[in-house]
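One structure below.
Nothing in this text is a laboratory measurement; each read-out follows from the coordinates by a stated rule. Remember, it's a predicted structure, so these values are computed and weren't measured experimentally. Counting neighbours? That spans all protein chains shown, and the Cβs are built from the backbone with ideal geometry, glycine included.
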Amino acid sequence: MTKTTAQQLIETRRTIRTFNGEPIETKVLYDLLNSAHHAPFHNKVEPWNVYLFNGEGKHVLLDALEPAFSEMAEPQREKVAGHIRNAAACLYVTAKAFETEKGNKDALLATAAFIQNLQLLCTEQNLGIVWRTGGVFDDARMKESIGAEGETFVGLLQIGKYDEAAIPSKKPRQSLDAHLAIFE
Ligand SMILES: Cc1cc2nc3c(=O)[nH]c(=O)nc-3n(C[C@H](O)[C@H](O)[C@H](O)COP(=O)(O)O)c2cc1C
């Protein structure tokens with residue numbers, strides 16, 4: 001059976017971690033975010049917030065990370081900063097705080113759906129994207145510095161144009177049958 005466009009998009013999406021230095025216009029990212037913003041959510045308001053650092057704007061992110069960087073070993077710091085510099089843009093994505101455990105859980109889940117929407121939209125536009133969750137990005141001083149105080153860090157998304165060689169081989173996946181129970 002011929003796969004639909006959506007099936008092909010979902011199945012061919014790959015995490016891209018190395019970018020080629022070409023810039024991306026903020027308007028392009030804004031339009032993709034505007035579509036990703038149609039993700040499902042169960043809180044009273046859309047639970048995600050996005051802090052977009054594009055091009056020179058990444059210096060704001062690097063500066064905000066400085067207190068955390070100063071406590072890290074040089075090689076680790078350089079690795080994290082290098083990833084930020086290599087991307088055309090970085091998106092710091094958070095879930096807003098809600099009053100109940102259920103509210104916070106729904107917010108987190110919906111924000112993950114928002115991120116996956118964006119990953120698929122980037123894939124469609126041949127823009128590479130990696131969803132990072134490494135510890136340094138949860139730093140409270142960093143959050144305060146960019147205005148994300150009290151929010152739950154969900155991902156730092158690094159986006160950029162890429163060359164063919166940057167596409168990793170497909171991560172092996174178990175058969176669906178190992179994860180599916182059918183009752184009919
Ligand atoms: C919740 C989540 C957190 C992730 N965190 C990281 C990360 O911190 N660093 C990283 O390089 N990749 C991260 N990834 C990307 C995964 O490693 C990647 O999706 C996985 O290797 C499968 O590859 P694929 O996306 O190409 O299918 C994360 C993915 C998810 C869904």
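Some values worked out for this structure:
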{"quantity": "Subset tally (residues that are basic (Lys, Arg), under 16 Å from residue 156 (Cβ atoms) and within 16 Å of the ligand (Cβ to nearest atom)) for the range 1-58", "calculated": "1"}
{"quantity": "Qualifying residue in the range 79-95 (condition: more than 21 Å from residue 128 (Cα to Cα) and in contact (Cβ under 8 Å) with a residue 60 or more places away in the chain)", "calculated": "no"}
{"quantity": "Residue in the range 88-98 that is surrounded by fewer than 17 Cβ atoms within 10 Å (Cβ to Cβ) and assigned to a helix (DSSP H, G or I) present", "calculated": "no"}
{"quantity": "Tally of residues being buried (at least 18 other Cβ atoms within 10 Å of the Cβ) and free of Cβ contacts under 8 Å to residues at least 40 places away in the same chain across the range 99-132", "calculated": "0"}
